[in-house]
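To start, the structure itself, in structure tokens.
The values are calculated or read from the model by the stated rules, or taken from the named source; none is laboratory data. Quantities reported herein were computed from a predicted structural model and do not represent experimental measurements. Here the Cβ is made from the backbone with ideal geometry for all residues, glycine too, and neighbour counts use every protein chain on show. For accessibility, only protein heavy atoms count, side chains too; no ligands or nucleic acids. Shrake-Rupley method; radii C 1.70, N 1.55, O 1.52, S 1.80 Å.
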Amino acid sequence: VKIVKTISEMQNISINHKKEGKTIAVVPTMGYFHDGHISLMKYARENADIIIVTLFVNPTQFAPDEDFDRYPRDTEQDSRKAEENNCDYLFRPTVEEMYPFGFITEIRIGGVTEKFEGVTRPFHFNGVTTIVSKLFNATLPDIAVFGQKDYQQTIVIKQLIRDLNYNIKIDIVPTLREPDGLAMSSRNIYLSAEYRKKAPGIYKALISVKKSIEKGLRKRSEINSLLIKKISKTPELKIDYACAADAETLEEPDEFRRDRKIVLLAACYLGKTRLIDNIVV
Ligand code: AMP
């Protein structure tokens, strides 16, 4: 894998590959790779000629009281994993490269950013859409690969691609889980052994409510109450939100139509660690 640190070098590389008629897939990440990241790399490898993984812990998507400074980082191990998984380029710019002195632009999307994650993290998606635009402009991909783990983010990026006319196909890869159901996340290392045992309670609740929906539960208030009840069976899980929404639009009708897919979204604190998960029914 070739490490690239500047935007201009990254752009030149991509332009040259495009001249050769090659297709490019980008996998945006914040690093500290786990098997979820690897499954995105593998998906990209199978669906494009050239794979660019980006590794940038983006300060603008963290609030001042969030974990930017202590976010886990291990660039050497990440480079090794990118190499082992046949990625062609690891784009690893510095904060100064992405946000040089005088940088003042922000991309803000309305609507879909304002609920769920957007309530607790009101500036988060502005940071995400701004950096993802910059990463698209640096890597010039044909395909962008994102994980279902960050469900609302996938909806926001789809909106970004539509609204700013990016000629990029977005592909969503299913959430990779630990054997006990916990969604893999770089943040899972924050969990104490005690909390780690409680963490799968979120996924168990999601699965249980999924079954009730499949049996016919369609009223949103009833689905939400059931989800809260099921998560609360693990009292250590402090619920931030636990809601059902239309899987495509994130709208919240009183009653879901039978021909619409539903996404169950949950965010919970375990001690100070915030975990998110979702399931589509
Ligand atoms: P992150 O480095 O946490 O920002 O994640 C980078 C990409 O990997 C995002 O598109 C995430 O949705 C995706 N991702 C994170 N965790 C998982 C997982 N457990 N399974 C699949 N994709 C994941």
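Observations on the structure shown:
- If you filter segment 210-224 down to residues that are more than 13 Å from ARG258 (Cβ to Cβ) and of a type in the set (Lys, Arg), you find that the one that is nearest to the chain's Cα centre (by Cα) is LYS210.
- Residues within segment 108-161 that are in a loop (DSSP other than H, G, I, E, B), under 22 Å from ILE38 (Cα atoms) and within 16 Å of the ligand (Cβ to nearest atom), tallied: 4
- Within segment 162-201, the set of residues being among the aliphatic types (A, V, I, L, M), within 13 Å of the ligand (Cβ to nearest atom) and not in a strand (DSSP E or B) comprises LEU176, LEU182, MET184, ILE189, ALA199.
- Look at (1) in contact with an Asp or Glu (Cβ under 7 Å, 6 or more places away or on another chain); (2) open to solvent by 50 Å² or more (accessible area, probe 1.4 Å) and you find that MET184 fails only one, number (2).
- Residue satisfying all of: in segment 20-59; out of contact with any His (no Cβ under 9 Å at 6 or more places or on another chain) and hydroxyl-bearing (Ser, Thr, Tyr); surrounded by the most Cβ atoms within 10 Å (Cβ to Cβ) among these: THR54
- Beta carbons closer than 8 Å, at least 6 apart along the sequence or on distinct chains, never pair a first residue in segment 178-191 that is more than 24 Å from GLU66 (Cβ to Cβ) with a second that is near the ligand (Cβ under 9 Å from one of its atoms) and open to solvent by 60 Å² or more (accessible area, probe 1.4 Å).
- Cross-chain or 6+ apart pairs with Cβ under 9 Å, segment 210-229 first and closer than 16 Å to ILE279 by Cβ, then assigned to a helix (DSSP H, G or I) and open to solvent by 50 Å² or more (accessible area, probe 1.4 Å): SER212/GLU222
- Residue in segment 1-55 that is farthest from the ligand (Cβ to nearest atom), counting only those that are acidic (Asp, Glu) and free of Cβ contacts under 8 Å to residues at least 24 places away in the same chain: GLU20
- Of everything listed in (1) charged (D, E, K, R); (2) touching a strand residue (DSSP E or B) at 6+ places or on another chain (Cβ under 9 Å); (3) not in a strand (DSSP E or B), the single unmet condition for ASP259 is (2).
- Total residues in segment 208-242, condition in a strand (DSSP E or B) and either within 17 Å of VAL280 (Cα to Cα) or open to solvent by 40 Å² or more (accessible area, probe 1.4 Å) (or both): 6
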